[in-house]
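Please treat every number below as a calculation from the coordinates, not as lab data. From a predicted model like this one, the values you see are computed outputs, not experimental measurements. Note that we place each Cβ from the backbone using ideal geometry, even for glycine, and neighbour counts take in every protein chain shown.
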C-alpha cells in the first residue's frame with residue numbers, strides 16, 4: 001500500500017481519522033507504524049496529503065491528516081472494453097486503476113458470452129475495492145467511473161457521445177498498421193478513448209460501426225494477444241504517447 005485511501009465521510013472536521021479493520025492491520029503489522037510517524041494518505045476522488053499517526057492500539061490506528069489544496073487530475077485515457085471472462089475481469093480492475101483510466105465502459109460484442117454480464121465481478125461491491133487497491137498502489141485518488149452496457153450498437157450510436165465527448169477515439173485492431181504514438185503526433189485533443197475487443201476480436205460489423213463513429217485503428221504488430229495483455233500494453237503505450245506529446 002503506497003497510499004492509504006480514505007472515504008470522505010471517514011475524515012473528521014479536524015482532519016482526524018480513526019481506523020480499524022484491514023487498513024489498521026496493514027499499518028501496524030506490515031508498515032510497523034508508531035506514534036509520530038507520517039504516512040501518505042488520500043481521499044477517494046479528493047486530495048492527497050499526509051497522515052501523522054497519533055496512536056495505535058489493539059487493531060486500531062488514529063491519524064491526524066493534512067491534505068493538499070488541489071485534487072489530482074483525472075487520467076486522460078478512457079477505456080471501452082468488450083467484457084472478458086469474469087476471472088480475467090477480476091484481475092484487470094486493480095491493474096486498470098494502477099495504470100490510470102478516467103472511465104471504464106464495459107460493453108457487449110458478438111464474441112462475448114452472455115453469462116459474462118451476470119457475474120458479480122461487474123457489480124460495484126466487487127470492483128470498487130479492487131479499483132481502490134489499484135489506486136493505492138499507484139498513489140492516485142481519482143476513482144475511475146464505471147458503466148456497463150449490454151447493447152453495443154445503442155452504446156456506440158446513442159450513448160457514447162454523452163460519456164466521452166471530444167475524445168480522440170482509437171480501436172485496437174491487429175490488422176492496423178498505425179501505432180498509438182503515430183496517431184497522436186500533432187493531435188491536441190485533451191482525452192483519448194481506447195476500445196479493446198473480446199478474446200476473439202471485434203467482428204466486421206463492430207469494426208465498421210466503430211469506424212463510422214470516429215474510431216481509428218491502432219495496432220502493436222500481427223500477434224493476437226489475450227484481452228488483459230493487450231489492454232494493459234495498449235494503455236501503457238497510449239499514456240506514453242500522450243506524455244511524449246506534452
message: With angles folded into 0 to 90 degrees, how steeply does helix 227-245 sit against the dominant principal axis of the chain? Use alpha carbons for both and round to 10.
response: 80 degrees
query: Out of 81, 163, 194, any idea which swings most in a Gaussian network model of the chain, alpha carbons joined below 10 Å?
result: 163
message: Helix-only mean residue ellipticity at 222 nm, the chain, DSSP H runs n ≥ 4 weighted -39,500 (n - 2.57), per residue, nearest 500. What is it?
response: -9000 deg cm²/dmol
- request: Report the calculated FRET efficiency for residue 205 and residue 181 (r = Cβ-Cβ distance, R0 = 30 Å), to the nearest 0.05.
  value: 0.55
task: May I ask for the percentage of alpha-carbon pairs in region 4-67 that lie more than 16 Å from each other?
output: 35 percent
- prompt: Using a Gaussian network model of the chain with C-alpha springs under 10 Å, which one of 191, 223, 91 is most mobile by mean-square fluctuation?
  reply: 223
- line: With a Förster distance of 30 angstrom and the Cβ-Cβ distance between residue 66 and residue 148, calculated FRET efficiency to the nearest 0.05 equals 0.20
- prompt: Based on the mean of other beta carbon atoms within 10 Å per residue, what is the order of 7-16, 62-71, 37-46, most packed first?
  reply: 37-46, 62-71, 7-16
message: Using all alpha carbons of the chain, what is the percent of pairwise distances in each 10 Å bin, ordered from the shortest bin to the longest?
response: 7, 29, 30, 19, 12, 3, 0
- prompt: Counting only DSSP beta bridges with both residues in the chain, what percent are antiparallel, rounded to the nearest 5?
  reply: 40 percent
